[in-house]
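The numbers here are math on the coordinates, done by the rules we state, and not lab data. Model, not experiment: these values are computed from the prediction. No Cβ is skipped: glycine too gets one built from the backbone with ideal geometry, and neighbour counts run over all protein chains shown.
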Amino acid sequence: MIDEYLSLIEAAPEGIVEIDEGGSILLVNEAAERMFGYPRAELLGQGIEMLVPESRRAAHRERRGAFQKEPASRQMGFGLELEARRKDGSAFPVEISLSTVTARGGRRFAAMVRDISGRVEVTRRVFELERSESAKVARANRLKSEFLANTSHELRTPLQSITGFAELLCEAPEDTLSPKYRRFAGHILRDSRHLTALINDILDFSKIEAGKLDLVRELFPVGDAIAEVMESLAAQVESKRQSVTIAVPPGLAIDADRLRLRAILMNLMSNAIKFTPEKGRIAVTATGDEKRVEVVVSDNGIGIAEEDQAAIFDPFITVRRGLREGTGLGLAIARNLVELHGGVLTVESKLGGGSAFSFVIPSRDGNGAKISRPRVVLVVKDQAPGKNLLADTVLACGFQLVLCVSQESAMATASRLQPDVIAVENPQLPAVYSSNRRTAHIPVLLILDQEHADSEISSGTAAVLTQPVSPDSLVEVLQRLSDGV
Ligand code: ADP
């Protein structure tokens with residue numbers, strides 16, 4: 001029976017080494033002889049530490065002591081680098097399982113040793129390969145972006161001339177161009193515009209990918225950007241007889257790059273128009289505070305199937321490939337631009353049930369509210385010339401100022417410019433503005449100097465301050481008035 005066990009140990013593919021409590025080697029099998037490079041005779045009776053690299057012997061002795069105090073079957077070398085030493089002094093990585101054998105002569109400890117140098121080497125190679133592959137991919141990506149940026153520039157110049165001449169042909173007098181050729185010119189114009197849009201998109205996209213797009217962020221009313229984009233899309237909305245609702249709280253400021261915000265809005269809003277049938281409804285709403293602004297562009301158009309919703313943000317993906325206008329880059333760029341601002345762009349949609357694209361742009365320092373101030377304050381100065389304290393304060397507080405020096409010009413300017421607040425120093429004036437149809441809705445702030453502090457206040461006065469006015473109270477009042485509170 002014992003012999004059978006011994007031959008089993010002898011034939012085991014793993015190295016087996018048994019030691020006594022003092023650490024002397026009692027038994028080794030053939031695999032251990034091969035692994036460590038010692039003939040059996042040189043191992044038996046020797047201390048186990050001879051199989052451990054010199055630098056690790058002390059630690060090994062200590063750990064062996066700890067294990068003997070609290071022995072349990074366990075595997076060593078998982079996740080840690082365990083090393084053994086061959087006769088020739090070379091070290092190799094191993095995995096070891098330990099078990100305790102209680103025999104008549106006292107306890108013994110058996111170690112099963114597996115040489116894992118092959119596995120470690122494979123892992124190392126895979127790791128190196130992955131590292132060099134990802135460096136290659138990064139380089140290829142950069143080269144691709146540079147190539148795209150360069151070629152896009154080269155392509156734009158000749159395209160500009162093609163588009164320009166095609167425009168001229170389309171506008172040629174009736175008698176110089178037959179309807180057929182005029183139609184051809186129309187095709188050239190349409191397709192060259194499409195190409196220009198595509199190239200501009202590619203240029204933007206490659207700039208973003210190459211990390212070359214720097215944002216120029218500032219605080220400005222988000223409603224302005226929405227209104228501008230809406231204006232340039234008005235013809236399309238009209239031709240599809242769609243209805244558009246825009247809801248933006250007055251004075252809501254966004255901390256963004258104006259040009260890029262316009263590009264984001266342009267993509268979302270033109271998509272909403274494009275993918276919504278005639279007479280459909282489109283809504284643009286903005287909400288937020290000093291920390292963030294969220295814009296939602298929703299439509300009741302064709303919608304996007306759930307399985308396509310992730311892919312539409314990938315470059316060059318258009319779900320309905322039949323549509324020629326799109327480049328498939330719009331949403332990829334829009335998402336990248338939002339993310340450059342530290343924000344997120346998401347979609348909620350149902351096939352046939354419309355879509356809602358939302359993006360959030362956080363302000364850089366939670367300071368967004370500071371400029372959610374009236375854009376224009378009209379200051380009417382018909383008092384003693386030279387006293388410009390009020391105008392100075394308005395300017396110093398960051399408001400836009402329109403200064404009028406006569407009552408007539410002030411009324412004309414207010415009607416035309418529709419300022420957010422009118423500031424006057426003459427107690428009679430509020431009544432004048434509130435009785436005019438074009439200015440009745442504009443809040444009038446009356447600022448009295450000491451001399452007139454006790455004057456009677458005319459109707460139509462939205463707020464009164466008495467000089468000297470502190471900048472803080474002026475900002476607070478202007479803010480309140482422009483918000484319509
Ligand atoms: P494109 O230039 O084709 O509009 P985008 O990247 O802007 O490219 O959009 C990708 C695709 O996402 C579109 O081709 C369309 O299939 C889908 N899509 C985008 N916006 C909407 C929307 N409001 N309603 C339905 N589908 C949309």
query: When ranked by the protection proxy of mean other Cβ atoms within 10 Å per residue, highest first, what sequence do the peptides 409-421, 51-63 form?
result: 409-421, 51-63
statement: Dividing the mean separation of Cα pairs under 8 Å (6+ apart) by the residue count of the chain yields a relative contact order in percent of 8
- request: Give me the distance between the Cα centres of region 1-54 and region 274-303, rounded to whole Å.
  value: 76
message: Taking 8 Å as the Cα distance limit and 6 or more residues as the minimum spacing, I'd like the relative contact order of region 44-156 as a percentage.
response: 16
message: At a 10 angstrom cut-off on C-beta neighbours, averaged per residue, how do the peptides 198-208, 295-305 rank from highest to lowest?
response: 295-305, 198-208
query: Rounded to the nearest 0.05, what FRET efficiency do A227 and T123 have when you use their Cβ-Cβ distance and R0 = 51 Å?
result: 0.30
task: Mind pulling the angle between the C-alpha long axis of helix 407-417 and the longest principal axis of the chain? Nearest 10 degrees, somewhere in 0 to 90.
output: 50
task: Using the structure shown, select from K207/K291; K180/K274; K207/K350; K144/K212 the pairs with a Cα to Cα distance greater than 21 angstrom.
output: K207/K291; K180/K274; K207/K350
- prompt: What is the dipole size for the chain, taken about its Cα centre, with +1 at each Lys and Arg Cβ and -1 at each Asp and Glu Cβ, in debye to the nearest 20?
  reply: 940
- request: Over region 114-198, calculate the relative contact order: mean separation of alpha carbon pairs under 8 Å at least 6 apart, over the residue count, as a percent.
  value: 28
